[in-house]
Every structure is written in C-alpha cells, then in structure tokens.
Amino acid sequence: MLRLENLAMVFGSGTPDENIALRSVNLRVESGDFVTIIGSNGAGKTTLYNVIAGSCVPSSGRIVMGVDEVHTGREITREAEYKRARYIGRIFQNPLLGTAGKMTLADNMMLCHKKGYKGLKISLNKGMREQFQEQLRVLDMGLENRLNDNVELFSGGQRQALTLLMTVMSRPSLLLLDEHTAALDPRNAELIMNLTLRFAGEYRLTVMMITHNMTHALEYGNRLLMMDSGEIILDIDAEEKAKLTTEGIVQRFRDIRRQELANDEIRLS
Ligand SMILES: Nc1ncnc2c1ncn2[C@@H]1O[C@H](COP(=O)(O)OP(=O)(O)OP(=O)(O)O)[C@@H](O)[C@H]1O
Ligand SMILES: [Mg+2]
C-alpha cells in the first residue's frame with residue numbers, strides 16, 4: 001500500500017536553527033493494516049503525515065503508493081497535496097478543521113459527495129437528502145434531522161464524527177488520523193474511536209493513527225510504531241502487541257534509549 005524509503009525532513013537546513021524532524025524513516029504499510037503510532041512531543045509524527053500527505057516535500061527519500069506483492073507502486077514524493085487528497089484522507093486533532101462551519105450539514109455532505117462524481121452536475125434533491133440522512137443515521141447522533149443546520153452549531157464530538165464519516169465516504173486508500181480524539185471528552189473520544197474501528201472494518205481501510213493514549217495504541221490495530229527524535233525506534237507486530245502492556249512499552253523505550261546512550265559513550269570515549 002505505502003512504502004517510505006529513507007525519508008528525511010530537515011527544517012532550516014544549514015542555519016543555526018536546523019531541526020531534523022525526520023531522519024531516514026523506512027516503512028512499509030500493507031493494505032488493510034491499522035497502524036498505531038506513539039511518541040513524545042516533537043518526535044516527528046505529524047511531520048511524517050505532512051510528508052505522506054504532501055503538505056511538506058521531504059528533504060530526501062521516496063514515497064511510493066500502491067505497493068503490494070504484484071504492483072511495484074507509483075512514486076508520489078513530489079505529487080501536489082490536492083492530488084493526494086483524492087486518495088489520502090486526513091483527520092486532525094481540531095474537530096473544526098474537517099468541515100465548513102458556515103455551511104449547512106446538507107451542503108457539507110454534498111461537497112463530499114460531489115468529490116466522487118467530478119464534473120457531473122448533481123443537485124440536492126429529495127433523493128440525495130434521504131441518502132445523506134441514511135448515512136448520518138450510522139453516527140447515532142440525531143444529525144439526520146439537522147440537515148439544514150449550519151455545522152458550526154454542532155459539538156466538537158459531532159463535528160469530528162461528521163468529519164470521519166465524510167472522509168470515509170470518499171473511500172480513501174489511506175486514512176491518516178492525527179490524535180483525532182485528543183480534543184474530545186472521554187465519552188466522545190470513545191464514540192469516535194468506536195466509529196473509527198467500525199468504518200475501518202466496513203470500508204476495509206488502511207489506517208495510520210497517531211495517539212498519545214497508550215491504551216488505544218495497544219488495544220487497536222495490528223501494528224504499533226514508536227517514534228522518537230525523527231526515527232521509528234520500535235515496530236511491533238500484532239502478535240507481540242497482544243502481549244504487551246503500557247509498562248512494557250515504556251520499558252522497551254527505556255531499554256532502547258539506554259543502549260543508545262551507552263553507544264554514544266563508547267563513541268565519545
Ligand atoms: N514547519 C516547521 N518548521 C520548523 N520546524 C518544524 C516545522 N514543523 C515541525 N517542526 C519541528 O519538527 C519536529 C517534529 O515536529 P512534529 O510536529 O512532527 O512532532 P509530533 O511528533 O507530531 O509532536 P506532537 O506529539 O507534539 O504533535 C519538532 O521539533 C518541530 O518543532
Ligand atoms: Mg503532532
């Protein structure tokens with residue numbers, strides 16, 4: 001599905017403010033994978049998404065999409081962000097970012113629906129409204145009765161649920177979630193998580209999910225990555241993940257860091 005080869009992202013290269021956000025990231029994500037990504041603030045997680053989605057051009061390395069046993073994939077390293085948006089869905093922490101607040105729910109749904117039918121003239125008729133209502137009913141938030149309300153009237157949880165629905169409706173090949181439940185209260189966070197899992201299963205999505213919630217990172221998905229200082233320092237498969245505890249992850253992180261410190265000392269001595 002996705003292959004990253006020696007990806008690096010250096011901000012302010014050659015200046016006193018030089019900041020290496022990614023250093024030689026190599027990763028292969030298979031179709032249908034649900035990968036959880038953890039790592040401390042500034043580890044490079046969002047930068048990794050920026051590079052995959054095309055918001056940033058990497059300083060070096062390659063991004064290849066559509067890789068599997070049969071296909072060698074297509075390089076997209078320099079493809080424009082808006083083009084990648086057709087097959088890469090992205091949801092942010094801020095629930096206000098995914099929908100247009102000043103537009104009605106029906107118009108938001110219409111915009112999303114039209115994405116799938118480029119160039120065709122489609123008007124918001126009774127049939128469309130019924131179709132949207134049916135899709136909204138899945139969220140179980142009563143939004144199917146609020147098609148004429150401006151989306152800015154909705155709660156953060158409702159808007160994030162809507163963003164999630166609209167994103168999966170456009171059938172992305174890859175869904176990038178960047179702490180998408182972090183700004184919600186625990187009840188709404190659980191609700192959005194449950195919807196995420198449901199949609200991932202129903203639409204057979206390939207998902208990468210950044211989270212600071214260790215329990216979510218362990219509980220969900222079939223693979224866990226830990227990033228630190230611009231590198232993937234842990235890559236844990238489903239089998240190992242099932243046995244791991246949050247304390248276990250912290251211990252693995254400490255072990256790696258201790259080993260690196262020891263190596264540094266050897267180099268310096
Ligand atoms: N546009 C930019 N210009 C300069 N430095 C940047 C830019 N974007 C990110 N960085 C730096 O890159 C590093 C990685 O940032 P990034 O946002 O990817 O971290 P993160 O793992 O997502 O952290 P958090 O958990 O806080 O969201 C940080 O040191 C950050 O300051
Ligand atoms: Mg981030």
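Remarks
- For the range 173-212, residues that are under 16 Å from the mean Cα position of the chain (by Cα), surrounded by fewer than 19 Cβ atoms within 10 Å (Cβ to Cβ) and assigned to a loop (DSSP other than H, G, I, E, B) total 7.
- Residue count, the range 150-164 (criterion: within 14 Å of Q135 (Cα to Cα) and either surrounded by fewer than 21 Cβ atoms within 10 Å (Cβ to Cβ) or touching a strand residue (DSSP E or B) at 6+ places or on another chain (Cβ under 8 Å) (or both)): 2
- Inter-residue pairs, beta-carbon under 9 Å, first closer than 19 Å to A43 by Cα and in the range 176-188, second within 12 Å of ligand 1 (Cβ to nearest atom) and basic (K, R), 6+ apart: D178/K45; E179/K45
- The residue that is modelled with the highest pLDDT, among those in the range 213-222 that are part of a loop (DSSP other than H, G, I, E, B) and of a type in the set (S, T, N, Q), is N222.
The rows are residues; the columns are (1) modelled with pLDDT of 90 or more; (2) more than 24 Å from R28 (Cβ to Cβ).
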position: E231; (1), (2): yes, no
position: K241; (1), (2): yes, no
position: T245; (1), (2): yes, yes
position: Q259; (1), (2): no, yes
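- Only residues that are part of a loop (DSSP other than H, G, I, E, B), touching a helix residue (DSSP H, G or I) at 6+ places or on another chain (Cβ under 8 Å) and away from ligand 1 (no atom under 13 Å from the Cβ) were counted in the range 15-56, giving 1.
- Of residues in the range 143-172 being in a loop (DSSP other than H, G, I, E, B) and not charged (D, E, K, R), the one nearest to L225 (Cα to Cα): P172
- L143 vs. criteria at pLDDT 95 or above and either out of contact with any Ser or Thr (no Cβ under 6 Å at 6 or more places or on another chain) or within 30 Å of A8 (Cα to Cα) (or both): yes
- All of I88, I63 fail the test of being more than 16 Å from ligand 2 (Cβ to nearest atom) and under 30 Å from D185 (Cβ atoms), apart from I88.
- Single residue of the range 79-93 satisfying the filter (in contact with a Gly (Cβ under 7 Å, 6 or more places away or on another chain) and free of Cβ contacts under 8 Å to residues at least 40 places away in the same chain) that is surrounded by the fewest Cβ atoms within 10 Å (Cβ to Cβ): A80
- Residue that is modelled with the lowest pLDDT [pool: residues in the range 58-82 that are of a type in the set (A, V, I, L, M) and touching a strand residue (DSSP E or B) at 6+ places or on another chain (Cβ under 9 Å)]: V67
- Contact map, the range 1-14: first residue part of a loop (DSSP other than H, G, I, E, B), second residue more than 16 Å from ligand 2 (Cβ to nearest atom) and among the acidic types (D, E), Cβ cut-off under 8 Å, separation 6 or more or different chains; pairs are M1/E30; M1/D33; M1/D68; G12/E18.
- Within the range 28-56, the only residue that satisfies the criterion of being more than 16 Å from ligand 2 (Cβ to nearest atom) and among the aromatic types (F, W, Y) is F34.
- Verdict on T196 being among the hydroxyl-bearing types (S, T, Y), within 16 Å of ligand 2 (Cβ to nearest atom) and under 18 Å from R90 (Cβ atoms): no
- Residue in the range 154-177 that is within 16 Å of ligand 1 (Cβ to nearest atom) and not β-branched (V, I, T) present: yes
The values are calculated or read from the model by the stated rules, or taken from the named source; none is laboratory data. These numbers come from a predicted model, not from an experiment. Neighbour counts run over all protein chains shown; Cβ positions are idealised from the backbone, glycine included.
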